[in-house]
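All of the numbers you see were taken from the coordinates with simple rules; none came from a lab. For clarity, every value in this text was computed on a predicted model and none was experimentally measured. Heads up, the Cβs are rebuilt from the backbone with ideal geometry, glycines too, and the neighbour counts pull from every protein chain shown.
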């Protein structure tokens with residue numbers, strides 16, 4: 001019996017294609033045995049399940065039996081070349097059938113507008129092709145999707161600083177990921193600047209820097225301390241906005257941190273405004289005591 005049409009074809013894109021990297025570990029000759037690792041969790045199958053119903057020209061279910069179904073995915077509604085396809089022999093019950101497309105990859109299903117074409121046996125492909133729509137919770141992986149939720153964090157080590165002035169005599173010792181900074185021979189307030197490298201646009205969306213945290217320690221807070229913290233965002237090579245300007249004295253003699261909220265007028269980065277730097281004012285009464293800068297952390301907000 002010639003199959004004229006498929007009714008109620010359901011394409012369920014219920015999973016995102018994932019690429020799993022198989023990890024292997026090599027052990028050097030004579031090395032201690034590697035600790036036992038739990039086996040990796042099974043990966044989701046990269047299949048597209050399709051369910052449909054075959055009927056004849058009058059709308060009656062076809063006779064129960066086996067039929068060859070060719071399912072193809074296109075990026076155009078008419079004509080074109082299939083990005084991927086699969087041919088399965090299915091068994092119908094009252095016209096109903098199930099099949100899985102096994103030969104599509106993440107490069108085929110990549111967020112573009114796509115269409116499903118169905119062909120039964122030697123018949124021509126049915127028209128019109130069915131538009132493929134993502135299930136609601138897959139919308140966040142399509143191009144232009146708005147990501148939101150938990151914050152992300154960027155850390156910059158305290159050793160990644162530069163002197164503010166070329167005449168500055170500041171000296172330092174590196175300590176872990178940070179630095180112990182001393183006044184040097186010349187008296188007065190010292191200035192260090194920490195350049196911050198961060199993607200200004202993530203997943204196609206501008207980034208918002210909502211706060212900055214500084215990790216520090218003063219060897220003797222009575223003699224040496226942080227007197228001011230300023231976070232800049234350059235708008236071009238010669239001008240900038242100030243996201244933070246805090247003059248609170250920080251003089252903890254034990255490892256501590258302080259967090260500062262950024263100015264919401266300027267805290268959004270963009271494709272051409274994402275150059276950040278933190279300027280710290282360091283006050284020293286002598287050259288014997290240090291101020292230790294462990295690093296800084298930026299809080300990034302994904303909410304549009």
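Restricting attention to region 93-111, report how many residues are under 16 Å from residue 72 (Cα atoms) and under 28 Å from the mean Cα position of the chain (by Cα). Final tally of qualifying residues: 9.
Quick one: would you say residue 247 is farther than 28 Å from residue 176 by Cα and surrounded by fewer than 17 Cβ atoms within 10 Å (Cβ to Cβ)?
no
Scan region 61-81 for residues that are surrounded by fewer than 16 Cβ atoms within 10 Å (Cβ to Cβ), assigned to a loop (DSSP other than H, G, I, E, B) and in contact (Cβ under 8 Å) with a residue 24 or more places away in the chain and the total you get is 6.
Look at (1) surrounded by 17 or more Cβ atoms within 10 Å (Cβ to Cβ); (2) more than 30 Å from residue 182 (Cα to Cα) and you find that residue 270 fails only one, number (1).
Go through region 252-261 and count every residue that is assigned to a strand (DSSP E or B) and either free of Cβ contacts under 8 Å to residues at least 12 places away in the same chain or surrounded by fewer than 14 Cβ atoms within 10 Å (Cβ to Cβ) (or both). Number satisfying all stated conditions: 2. Among the residues of region 101-124, those identified as surrounded by fewer than 14 Cβ atoms within 10 Å (Cβ to Cβ) and in contact with a strand residue (DSSP E or B) (Cβ under 8 Å, 6 or more places away or on another chain) are 102, 105, 113, 121.
If the condition is being touching a strand residue (DSSP E or B) at 6+ places or on another chain (Cβ under 6 Å) and assigned to a loop (DSSP other than H, G, I, E, B), then region 230-251 contributes 235, 247, 249, 251. With a requirement of 3 or more residues that are touching a helix residue (DSSP H, G or I) at 6+ places or on another chain (Cβ under 7 Å), none of the strands (runs of 3 or more DSSP E) lying completely within region 153-227 satisfies it.
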